[in-house]
1. Each residue of the stretch 213-221 in order: what ³J(HN,Hα) in whole Hz does its phi give by Karplus 6.51 cos²θ - 1.76 cosθ + 1.60, θ = phi - 60°, with x for Gly and Pro?
2. Return the distance in nm (one decimal) between the two label points of a simple spin-label model at residue 215 and residue 105, each offset 7 Å from Cα along Cα→Cβ.
3. Pick out, in residue order, every one of the chymotrypsin sites (Phe, Trp or Tyr not before Pro) in the stretch 131-226 that is DSSP loop and has at most 16 other C-beta atoms within 10 Å; say none if there are none.
4. For residue 152, list long-range residues whose amide hydrogen, built 1.01 Å from N in the peptide plane, is under 5 Å from its own amide hydrogen.
5. Once a ≥ b ≥ c are taken as the square roots of the eigenvalues of the Cα gyration tensor of the stretch 49-220, is the result rounded (a/c under 1.5), prolate (a/b larger than b/c) or oblate (a/b not larger than b/c)?
6. Arrange the following residues from fewest to most other Cβ atoms within 10 Å of their Cβ: 200, 139.
7. So for 206, 106, fewest C-beta neighbours within 10 Å to most, what's the order?
8. What is the extension gain from residue 61 to residue 90, computed as 0.36 nm multiplied by their sequence separation minus the C-alpha to C-alpha distance, in nm to one decimal?
Amino acid sequence: MRDRLRGADRAGRGAFTLIELAIVTVVVAVLVTLILPAVTRPGRMRARGIPCMNNLKLIGLGFRLFANDNEDKLPWGVSTNQGGSREFLETPFSAFRHFQVISNELSTPWRLLCFRDRQRNGATNWSSFQGNKALSYFVGLDASGSNRSSILSGDRFLGSTHPPTNGLLTLDVLSLLWWTNGAHGGGGNLVKSDLSVEHVESRGLLQALRNSGLATNRLALPLIGP
């Protein structure tokens, strides 16, 4: 009799354990369903942006190589007579001009197109790269080789309280700036003068602007003119 009771007691505890395990399994499954997308989404967005970050790394390197050959001056600090793009600073919708200067360093204009930018088509060669239609990135016209925190370039999907004029976005320390829902969702990529490339959300973008140490940041956007 005592053995039968012990067997029944073990059976009862076994049944309870199975029910408890089933409940725990259901709870864990629900939590994973709710939490995992929120945790992995930023990682997925960064992974999707890796080719774009590689592009910006090469763009930054191209600008730095140009500066190394021109007394630490970036293309917009050098006259067109010496192979720079300074005369295009005031020309409307001329962002592409500053990238043309580093064609030798980039070797192909495909590096100027983000593969997630569905609204643009890349140029097949530098001869056909004659406008902003094949360009996915802005250029920071106040960046310099000596200011390593200055923003050299980044994704074109920007919104601001100061609308651009003729493709030029002029920002001061009080300006607001954010990524629009473009190629990388609510985030985007930047390259600085120290050649560091970052994927940042809008808050990080604004912080990068503040950390540039510049009173004014002029960004030449690859907008397409009338």
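Values in this text are rule-based calculations from the coordinates and carry no lab data. Just so you know, these numbers come straight off a predicted model, no measurement behind them. Here the Cβ positions follow ideal geometry from the backbone for every residue, glycine too, while neighbour counts run over all protein chains shown.
1. My calculation for the stretch 213-221 gives x, 9, 6, 9, 10, 9, 10, 8, 8 Hz in order.
2. Computed distance between label sites residue 215 and residue 105 equals 2.8 nm.
3. Within the stretch 131-226, no chymotrypsin sites (Phe, Trp or Tyr not before Pro) qualify (loop, at most 16 other Cβ atoms within 10 Å).
4. 191, 192, 193
5. rounded
6. Exposure proxy ranking, most exposed first: 200, 139.
7. Exposure proxy ranking, most exposed first: 206, 106.
8. In short, 8.0 nm is gained.
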